[in-house]
Structure formats: C-alpha cells, structure tokens
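Colleague: Next up is a structure, given as structure tokens.
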Amino acid sequence: MKGIYYVITLYIFLMLPPVANLMESVMIIHMHMQMTLFVIIGFLLAPVLQKKFPRFFEEWNPNGIPGILLFVIVMFYWTLPRSMDEALNLWYIELFKFISLPFLAGVPLRDSWKKVSASVKNGLIILFTLLFIAMGWLYIWSPNQLCNNYLLIDQITLGWGFLLTAVCMISYIAYSYITDLAENI
Amino acid sequence: MEAIKKEYWKDKANKALGISPEDARITKSYLSVAFIAILVGGFLGLLQGMNRAGILELPVWANYYKVLTAHGLLLVVVLSAFFTIGYFYAGLSHSLGGLLPKVRKMAWIGFWMKIFGFVLAVIPILQGDASVMYTFYPPMAAAPMFYIGLVFIVLGVWMLAFGAFINVANWRKNHKGQHIPIISFFATGVFVLLFFGSLPVAIEVFYIIPWAFGWIDTINVMVSRTLFWAFGHTLVNIWYMTAISAWYVFVPKIIDGRRWSDMLTRIVVIALVIMNITGGFHHQIIDPGISESVKYMHVFMSLAIGFPSLMTAYAMFAVFEKTARKKGGRGLVGWYKKMPWGDVRFLAPFIAMVAFIPAGAGGIVQSTNQLNQVVHNSMWVVGHFHLTLGMTVVMTFFGVSYWLVPFVSGRVLTPAINKLGIIQTIVWTVGMVLMSGAMHWVGLLGSPRRTSYSTYFDNATALSWDPYLFFLAIGGTLLMIGVLLQVYAVFNMMFFAPKGETEFPVAEEEEDATPTPMWTERWGLWIVLMLTLVSMAYVIPLVDFIVNAPPGSPPFKTW
C-alpha cells in the first residue's frame, strides 16, 4: 500500500498551478495527457477506496454497469470543446475536472472492469473508438474555432491525435480478435 | 583460460543443439560482411581522423566529406545491422530449433537486397555525388541513386524482420503456454524496433526521391528531419539492445554464473521497445519549429529511456557479484578478483559495460535542453557516439565474435586467439579512450563536428584545438591496429582454427527465480502501446510542420 503515496504525490503534482498551466497550454496535452493521467490516478486509487468502503461499491455497482455508465458519461462530458473552455475560465469547473476524472471516471472504471462481461468490455472499446473517430473528424474538419482558448492549429492537432488513437484502438481490437489471450500466451 | 579449456570438453550434449549448416551459412555471411565493413570503414576512419588533425592531406578525389559519408554508412548501417542480424538469426536458429525453410529463404533474399541497396548507395558516394553524411536529411541532396539504394536496404531489413516474426510465431503456435526463449525474446524486440523504426525513414526517403530527381521543387525540411530522427534514434537503441542481449544472456554463462532475473530482463526489453522511437526528439532540441513546452516534455520521454538502462546496470553487477562470491570472492569490492579477466569473451563486454557509464551520462547531458546548447554540433557529439557505438556496442560485438564465429564455423577458440583478443581489447580500449576523450574535450572547447580541418585563418581559439586533435589521430591509429587484429581473429576463427564443438552459451536462470508472468508475452499489446506513444509524441510537431509549412527547400549540394 506504500504505492498509494506515490499516486497521491502525482495527483498533487499534476494539480500544482505551474504544472497544470503547462499541460493546459497545449490543447492535445490538456485533453489527451492531463485528463488521461487523472483517470489513471483514479484507477490506481481505486483499490484503497474499495477496501475502505466495500459496501458502498457492492450496493451501488453490483454488476459493474452503473460504474461503466458513469465513466462513459464523465468521459463524454470532457470531450466537449465547451467543457475544456470552462475548465480554463472558471476555477470551479477546473476543480470539478480534478475531482470528476479520478473519482467519477477512474475509480468506477476499475471497480466495474472485473465485474462486466467481455462483450461489455469490447463494446466499450468499440464505443470509444467510434467516439474518437467522430471527434477526430469534428476537430480536423471544423472550419471554426471550437474552443475560445485554443487556436485552430491546436484543434487540428487534437483531431489527428483522436484519429491516430482510434487507429491504435482498432489495432488492439484486431489483435485481441485474432489472438486468444488466455490460450496463446 | 582454465574456463575456456574446460568448456571444450564439457557440454557434449550441446552438440545436439548445434546449428544446422544452412543456418550457420546465413550467420557466417552476415558476420563476414560486417567485419569487412569494419575493415574498410575503419581505414576510412583513420584517413579522416588524420585529415581532421591536420596531419594528412587527402588526395583530391577523396575529400573529407566523401570519406566521412562512406565511413558513417559502412559502420553505422552496414557493420551494426549485419552483425545484429547474423547474431540474432543464430540465436533464433539455436533457441527455436532451427530456422524454417521459408525464413531461411527470406534471410537470403534480405541479404542480397541489402547488398544490392548498399552497392547502389556506394556508387554515388564514390562519384562524389552523395557526400550528405550518414544523417542524410534535406536540405542537402544526394544523387537519386543513393536514396534508391537506401530503399533496398530498408526492404531487406523488413524481409529479415518478417522472417524473424514468422519463425517466432511458428514456435509459439507449437509451444503454447511457454515463454519465448530469452534470446529470441530479445530478437523479437529488436526486429519490432527495426521494422517500426525504419517506417519513418522509408516515408522520408520516398518523399526525398521525387525531390532529388527534380520532379518536385521543394521539400519540407522539418518533416524530413523529424522522420529521420525517429529512425536514427531507434537505430542507436537497436544496437544497444543487441549489446545488452549479450550481457543478459551470454555473459553470465561465460563467467559460470546464472541469469539474474528473467522477469526484469523481459521488462527491460518491453520498456525499450515501447519508449524508444520518441527519443528521436532529443536529437532536435535546437531545431526551430518545435515549441519549448513540447521539447521540455520530451525531455521526460528521453530520460525515461535511461531507466531500463539503470535496471540493466543493476542486474549486471548483481550477476557479477553473486557469481564471484560463489567462487569465494570476498570483501566489499574484493570479489572482482574472481572474475575471468583472462577470457576475452568476458573482458571485452565488461569494458563495454563500463564504457556505458560515461557514455550514458553523456547521453543524458545531450538530452537536457540547456546542456545540449553547449555541445550541439560540436565534436563532443562525435565523441559521444564513438563511446556508445564504438565502445559499448562494438566491443560487445567483438566479445561475442569469440564464441559466435567458432560456433557457426564448427571450430574452437584457441588460447592463442584468446590472447590476441585480450591484446585487441586493450588496444581498442586505449585507442577509443584517447580518441573519444579528445573529441569530447575539444568539443567543449568549441571545435565543430561535420567540418573538415581548418585553422580559421590561424585564429587563436582554433589553433588551441590542435593538441587535442593530435590525440584524436593517435587514438584513431590505435583503433586501426585494433581493427586489423579483430578482423584477423574473426577470419582465423571462421576458416583456420582447429575444428571442434563450441557451445552457444545461454545462461540458465537462478534456481530460486520467481516465475515470469505470462503477460510479458503480449507482443501485440506492446506494439499497440508503442504506436499510441509514437502517435501522441509526433502528432503535435508534425501537424504544425505540415499545416504551417514554410515554403520548402530546393535541393542543395554544399560540397
């Protein structure tokens, strides 16, 4: 459990104003790196919370579906251009970002992942692949600036980031489809 | 020496695991080309070092830049790649129960494609139409034939990579639930990097060819440079991974020890595969067009690659100390006396490892923003890669050759050749320390790299470099003697040494080793993670370079 202190240290480090400002200065790093890191922090914190509040998770997330739904809603919310703008302009939305991504996305994802069936897992990856393709399309080919705080070039970069990540996810889906992980390794 | 003699007679059972003549021929061919390349490339290096020190005037038909290009290409592309492939194909053959017939065929097709490509590339170099140096990115342009040659070299590499993948996949199909043997695990990692690392350079070269022919007027220099370094840096780490594979797998056996942690070894390979390609950015620290914040974040990526190296250093010294203590070594450092110092198969890789301490530290200096500004484009950089490639990697290759060449030739390492190897190792070490040390120092004093000898109208600062350049020439001369000894030893072991059985010295794991988890075998996942990381790292600068592209550059011939 010593590892938990490293996770908390990383969590605090990422929230420090100079670090947060640096990461938020580039649109793609804001969305694809900072936000992802917050989700990962929640993912790593989950075992401690599961141990501390086992009843809570049993009661509210018995089969994993509520957790996955919460994860999807929170993630979809943070892919909206407007939510990023607000996080930069309003301090309480920034605070909401710091709290929602670890605790309403990372923690429920970890708690649900082992409870849901393989088809839900694959469905989730496919859903996010489709979302990423759609977001890539939107950000690359939108003629207008979608975020007030970022330039058009930032937006196009983010779009390509979405598309490339989607390509990687498709490769992963193909890989897990052709390889029986349980048997072959 | 005792250890060597004993090994001739023990492990008779190893005969059964020997290499088939067809597979041995592949490795012998690759190694022969590698060592011929070092002979020619080393001679060119000597000419160049003498010229750079102002001691030797080159004839008009062989100017400094032409010799530099040939030297770089022979040693960086030919020697290292041919040795790596020959070595790993012997490892695949030994550990996977022989190469498949179709893989053997692919290895030969790849061999001839590489040779053909190399001949195509060398012709314009000799004609003086391709003095673009090993870093062949625009705006300097060579004759189109040079780039077409490079295409064939890359295609040859891909042939070899896919050959290795087919052989490993076939083995996995027949050995479900087992770990890939450790040397083949390293080979898989190296060929994955060779394939994915050469993709960017293939794109770069396909983009350069129409420009070199004049079909398109201009080229995006920054895109080309970025694609080149994605490959260039990966290539560096491919040699390094080849060298550490010998440290992890063979050196423990040579000192009569065991491999220290199979799991750690495999995690080091995986970490190097995933994080490697993006390291290309630290070669572009003073390039324009990449914002400071992006460069700053890439420092983390580059330093992350240092982490598996620290794990390697720990593992190696753990093996040494454990083995020496088992043999009765005592004291805090007294155990080092129990190491087989008289065995070249140990001594050469050991000095290679020690050299990596300053070499790795120098690498960290260069990937740090401010320090890079001090040494960038100075002779320091040349000193750095002579220490890493010329010492850490090449000395490991030399050490390996003393058992690999006899193994594939069905001969033995004689005490005389072992002694020659020890002398060679000492000559090489002294030569490289002198040369690389002088290069580092004179670089700090401001002497530029990629520049032929000049006193800059007898400028006092430039004249102050001369004593160091003199050391460079002395070191270079010693290295040439080292090359001659090494090449003699290799061909002696290949064709003239007494016949006999040499073992393929794969070390066993520790008896009480914890079993390695099976997730280390998920190569598909590691590749997807690597691709994701590469996408994330390259999307910002590449989109910027392409969307906000400057007018582009016509081809330049500066020589």
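Colleague: Out of curiosity, is residue B:196 in a helix (DSSP H, G or I), surrounded by fewer than 21 Cβ atoms within 10 Å (Cβ to Cβ), out of contact with any Ser or Thr (no Cβ under 6 Å at 6 or more places or on another chain) and within 14 Å of chain A (Cβ to nearest Cβ)? Spell out how you get there, then give the answer.
Modeller: Details: in a helix (DSSP H, G or I): yes; surrounded by fewer than 21 Cβ atoms within 10 Å (Cβ to Cβ): yes; out of contact with any Ser or Thr (no Cβ under 6 Å at 6 or more places or on another chain): yes; within 14 Å of chain A (Cβ to nearest Cβ): yes.
Spelling it out, residue B:196 is indeed in a helix (DSSP H, G or I), surrounded by fewer than 21 Cβ atoms within 10 Å (Cβ to Cβ), out of contact with any Ser or Thr (no Cβ under 6 Å at 6 or more places or on another chain) and within 14 Å of chain A (Cβ to nearest Cβ).
Colleague: Now for a different question. Just wondering, is there one or more residues in the range B:502-513 that are of a type in the set (A, V, I, L, M, F, W, C) and within 14 Å of another protein chain (Cβ to nearest Cβ)? Please lay out each step first, then the result.
Modeller: From the range B:502-513, those of a type in the set (A, V, I, L, M, F, W, C) are B:504, B:506-507, B:513; that's our starting set.
Those left that are additionally within 14 Å of another protein chain (Cβ to nearest Cβ): none.
Within the range B:502-513, none of the residues are of a type in the set (A, V, I, L, M, F, W, C) and within 14 Å of another protein chain (Cβ to nearest Cβ).
Colleague: Could you check how many residues of the range B:34-57 are hydrophobic (A, V, I, L, M, F, W, C), in contact (Cβ under 8 Å) with a residue 12 or more places away in the chain and either in a loop (DSSP other than H, G, I, E, B) or within 10 Å of residue B:473 (Cβ to Cβ) (or both)?
Modeller: So the count comes out to 4.
Colleague: Return the pair list, or none, for Cβ contacts closer than 7 Å from residues in the range B:365-380 that are over 18 Å from residue B:448 (Cβ atoms) to residues that are among the basic types (Lys, Arg), at least 6 apart or on different chains.
Modeller: From residues that are over 18 Å from residue B:448 (Cβ atoms), the pairs are B:369/B:295.
Colleague: With respect to the numbered conditions (1) hydrophobic (A, V, I, L, M, F, W, C); (2) part of a helix (DSSP H, G or I); (3) farther than 20 Å from residue B:347 by Cβ, which one is the sole condition not fulfilled by residue B:286?
Modeller: Every listed condition holds for residue B:286 apart from (2).
Colleague: Kindly indicate the residue of the range B:199-227 that is of a type outside the set (A, V, I, L, M, F, W, C) and not in a helix (DSSP H, G or I) and also farthest from residue B:289 (Cα to Cα) among those meeting that condition. Walk me through how you get there before you give the answer.
Modeller: Narrowing the range B:199-227 to residues of a type outside the set (A, V, I, L, M, F, W, C): B:200, B:204, B:207, B:210, B:214, B:217-218, B:220, B:224-226.
Still in the list and also not in a helix (DSSP H, G or I): B:214, B:217-218, B:220.
Values: B:214: 26, B:217: 22, B:218: 18, B:220: 12 Å.
Checked the range B:199-227; the qualifying residue farthest from residue B:289 (Cα to Cα) is B:214.
Colleague: While we're here: Do you know which residues across the range B:452-473 are in contact with a Gly (Cβ under 8 Å, 6 or more places away or on another chain) and among the hydrophobic types (A, V, I, L, M, F, W, C)?
Modeller: Within the range B:452-473, the first condition is being in contact with a Gly (Cβ under 8 Å, 6 or more places away or on another chain), and the residues that meet it are B:453, B:455, B:461, B:465-466, B:469, B:471-473.
Matches in the range B:452-473: B:465, B:469, B:471, B:472, B:473.
Table: residues versus (1) small (Gly, Ala, Ser); (2) in contact with a Phe, Trp or Tyr (Cβ under 6 Å, 6 or more places away or on another chain).
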| residue | (1), (2) |
| --- | --- |
| A:3 | yes, no |
| A:9 | no, no |
| A:13 | no, no |
| A:22 | no, no |
| A:27 | no, yes |
| A:40 | no, no |
| A:47 | no, no |
| A:51 | no, no |
| A:58 | no, no |
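Colleague: Go through (1) modelled with pLDDT of 90 or more; (2) within 14 Å of chain B (Cβ to nearest Cβ); (3) in contact with a Gly (Cβ under 7 Å, 6 or more places away or on another chain); (4) farther than 29 Å from residue A:22 by Cβ and name the single condition residue A:125 misses.
Modeller: So the condition that residue A:125 fails would be (3).
Colleague: Taking the condition surrounded by 14 or more Cβ atoms within 10 Å (Cβ to Cβ) and in contact with an Asp or Glu (Cβ under 6 Å, 6 or more places away or on another chain), does residue A:147 pass?
Modeller: On the way: surrounded by 14 or more Cβ atoms within 10 Å (Cβ to Cβ): yes; in contact with an Asp or Glu (Cβ under 6 Å, 6 or more places away or on another chain): yes.
Yes, satisfied.
Colleague: Let me ask something additional. Just the residues that are in contact (Cβ under 8 Å) with a residue 24 or more places away in the chain, more than 12 Å from every other protein chain (Cβ to nearest Cβ) and hydroxyl-bearing (Ser, Thr, Tyr), please, taken from the range B:291-317.
Modeller: Result: B:302, B:309, B:312.
Colleague: Could you go through the range B:533-553 and let me know if any residue there is polar (S, T, N, Q) and within 28 Å of the chain's Cα centre (by Cα). I'd like the intermediate steps shown before the answer.
Modeller: Going through the range B:533-553, the residues polar (S, T, N, Q) turn out to be B:535, B:548, B:553.
Those left that are additionally within 28 Å of the chain's Cα centre (by Cα): B:535.
Checked against the condition, which is being polar (S, T, N, Q) and within 28 Å of the chain's Cα centre (by Cα), the range B:533-553 yields at least one hit.
Colleague: Separate question: Out of all the residues in the range B:110-127, is one or more open to solvent by less than 20 Å² (accessible area, probe 1.4 Å), closer than 30 Å to residue B:45 by Cα and of a type in the set (S, T, N, Q)?
Modeller: No, there is no match, as no residue in the range B:110-127 is open to solvent by less than 20 Å² (accessible area, probe 1.4 Å), closer than 30 Å to residue B:45 by Cα and of a type in the set (S, T, N, Q).
Colleague: Follow-up question, since we're still on this one. Touching a Ser or Thr at 6+ places or on another chain (Cβ under 6 Å), in contact (Cβ under 8 Å) with a residue 40 or more places away in the chain and away from every other protein chain (no Cβ under 14 Å): is that true of residue B:483 in this structure? Step through it out loud before you land on a result.
Modeller: Values: touching a Ser or Thr at 6+ places or on another chain (Cβ under 6 Å): no; in contact (Cβ under 8 Å) with a residue 40 or more places away in the chain: yes; away from every other protein chain (no Cβ under 14 Å): yes.
Answer is no for this residue.
Colleague: Is it the case, given these coordinates, that residue B:411 is among the basic types (Lys, Arg), at positive phi and open to solvent by 30 Å² or more (accessible area, probe 1.4 Å)?
Modeller: Details: among the basic types (Lys, Arg): yes; at positive phi: no; open to solvent by 30 Å² or more (accessible area, probe 1.4 Å): yes.
For residue B:411, the condition - among the basic types (Lys, Arg), at positive phi and open to solvent by 30 Å² or more (accessible area, probe 1.4 Å) - is not met.
Colleague: Still on this structure, I have one more. So how many residues does the range B:134-178 have that are open to solvent by 20 Å² or more (accessible area, probe 1.4 Å) and in a loop (DSSP other than H, G, I, E, B)?
Modeller: Pass one, the range B:134-178, residues open to solvent by 20 Å² or more (accessible area, probe 1.4 Å): B:134, B:137, B:139-140, B:143-145, B:148, B:151-152, B:154-155, B:158-159, B:162, B:165-166, B:169-178.
Those still in the list that are in a loop (DSSP other than H, G, I, E, B) too: B:134, B:137, B:139, B:143, B:175-178.
Of the residues in that region, 8 qualify.
Colleague: From the list A:132, A:162, which residue is surrounded by 19 or more Cβ atoms within 10 Å (Cβ to Cβ), at the interface with chain B (Cβ under 10 Å from one of its Cβ atoms) and within 21 Å of residue A:73 (Cα to Cα)?
Modeller: On the way: A:132 fails: at the interface with chain B (Cβ under 10 Å from one of its Cβ atoms).
Checking each option against the conditions leaves just A:162.
Colleague: Which ones in the range A:168-178 are facing chain B (nearest Cβ under 9 Å) and within 13 Å of residue A:128 (Cβ to Cβ)?
Modeller: Correct list: A:168, A:169, A:172.
Residue-wise test of (1) at pLDDT 95 or above; (2) farther than 23 Å from residue B:343 by Cα; (3) more than 23 Å from the chain's Cα centre (by Cα).
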| residue | (1), (2), (3) |
| --- | --- |
| B:11 | no, no, yes |
| B:17 | no, yes, yes |
| B:29 | yes, yes, no |
| B:62 | no, yes, yes |
| B:68 | no, yes, no |
| B:108 | yes, yes, no |
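Colleague: While we're on this one: Go through the range B:282-306 and count every residue that is under 19 Å from the mean Cα position of the chain (by Cα) and either within 14 Å of residue B:356 (Cα to Cα) or not hydroxyl-bearing (Ser, Thr, Tyr) (or both).
Modeller: Applying the first criterion (under 19 Å from the mean Cα position of the chain (by Cα)) to the range B:282-306 yields B:282-283, B:302, B:305-306.
The next check asks that each one be either within 14 Å of residue B:356 (Cα to Cα) or not hydroxyl-bearing (Ser, Thr, Tyr) (or both); those that pass are B:282-283, B:305-306.
Selection size over the range B:282-306: 4.
Colleague: Based on what the data block shows, is residue B:463 open to solvent by 50 Å² or more (accessible area, probe 1.4 Å), touching a helix residue (DSSP H, G or I) at 6+ places or on another chain (Cβ under 6 Å) and of a type in the set (A, V, I, L, M, F, W, C)?
Modeller: Working: open to solvent by 50 Å² or more (accessible area, probe 1.4 Å): yes; touching a helix residue (DSSP H, G or I) at 6+ places or on another chain (Cβ under 6 Å): no; of a type in the set (A, V, I, L, M, F, W, C): yes.
Against the criterion (open to solvent by 50 Å² or more (accessible area, probe 1.4 Å), touching a helix residue (DSSP H, G or I) at 6+ places or on another chain (Cβ under 6 Å) and of a type in the set (A, V, I, L, M, F, W, C)), residue B:463 does not qualify.
Colleague: Next question. Being at pLDDT 90 or above and either surrounded by 23 or more Cβ atoms within 10 Å (Cβ to Cβ) or within 14 Å of residue B:440 (Cβ to Cβ) (or both) is true for just one of B:298, B:384. Which residue is that?
Modeller: Details: B:298 fails: at pLDDT 90 or above.
Testing whether each residue is at pLDDT 90 or above and either surrounded by 23 or more Cβ atoms within 10 Å (Cβ to Cβ) or within 14 Å of residue B:440 (Cβ to Cβ) (or both) leaves just B:384.
Colleague: When you scan the range A:82-100, how many residues do you find that are open to solvent by less than 50 Å² (accessible area, probe 1.4 Å) and either farther than 18 Å from residue A:144 by Cβ or free of Cβ contacts under 8 Å to residues at least 40 places away in the same chain (or both)? Spell out the reasoning first.
Modeller: So the first thing to find is which residues in the range A:82-100 are open to solvent by less than 50 Å² (accessible area, probe 1.4 Å), and the list is A:83-87, A:93-94, A:97-98, A:100.
Retained after the next criterion (residues that are either farther than 18 Å from residue A:144 by Cβ or free of Cβ contacts under 8 Å to residues at least 40 places away in the same chain (or both)): A:83, A:86-87, A:93-94, A:97-98, A:100.
Qualifying residue count, the range A:82-100: 8.
The rows are residues; the columns are (1) under 13 Å from the mean Cα position of the chain (by Cα); (2) among the polar types (S, T, N, Q); (3) open to solvent by 70 Å² or more (accessible area, probe 1.4 Å).
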residue: A:29; (1), (2), (3): yes, no, no
residue: A:38; (1), (2), (3): yes, no, no
residue: A:66; (1), (2), (3): no, no, no
residue: A:72; (1), (2), (3): yes, no, no
residue: A:79; (1), (2), (3): yes, yes, no
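Colleague: Looking only at residues in the range B:517-549 that are closer than 21 Å to residue B:293 by Cα and open to solvent by 60 Å² or more (accessible area, probe 1.4 Å), which one is farthest from the other protein chains (Cβ to nearest Cβ)? Let's see the steps before the verdict.
Modeller: Looking only at the range B:517-549, we keep the residues that are closer than 21 Å to residue B:293 by Cα, and these are B:532-549.
Checking the rest, the ones that are also open to solvent by 60 Å² or more (accessible area, probe 1.4 Å) come to B:546-548.
Values: B:546: 9, B:547: 6, B:548: 6 Å.
Among them, the one singled out is B:546.
Colleague: Against the conditions (1) more than 14 Å from every other protein chain (Cβ to nearest Cβ); (2) modelled with pLDDT under 85; (3) surrounded by 20 or more Cβ atoms within 10 Å (Cβ to Cβ), where does residue B:283 fall short? Just the number, please.
Modeller: Unmet for residue B:283, out of (1) more than 14 Å from every other protein chain (Cβ to nearest Cβ); (2) modelled with pLDDT under 85; (3) surrounded by 20 or more Cβ atoms within 10 Å (Cβ to Cβ): (2).
Colleague: Can you name the condition, by its number, that residue B:311 falls short on among (1) closer than 17 Å to residue B:229 by Cβ; (2) in a helix (DSSP H, G or I)?
Modeller: (1)
The values are calculated or read from the model by the stated rules, or taken from the named source; none is laboratory data. Fair warning: this is a prediction, and the values are worked out from it, not measured in the lab. Reconstructed Cβ throughout: ideal geometry from the backbone, glycine too, with neighbour counts over all protein chains shown. Side chains are part of the model used for accessible areas, which takes the heavy atoms of the whole protein and leaves out ligands, DNA and RNA. Shrake-Rupley method; radii C 1.70, N 1.55, O 1.52, S 1.80 Å.
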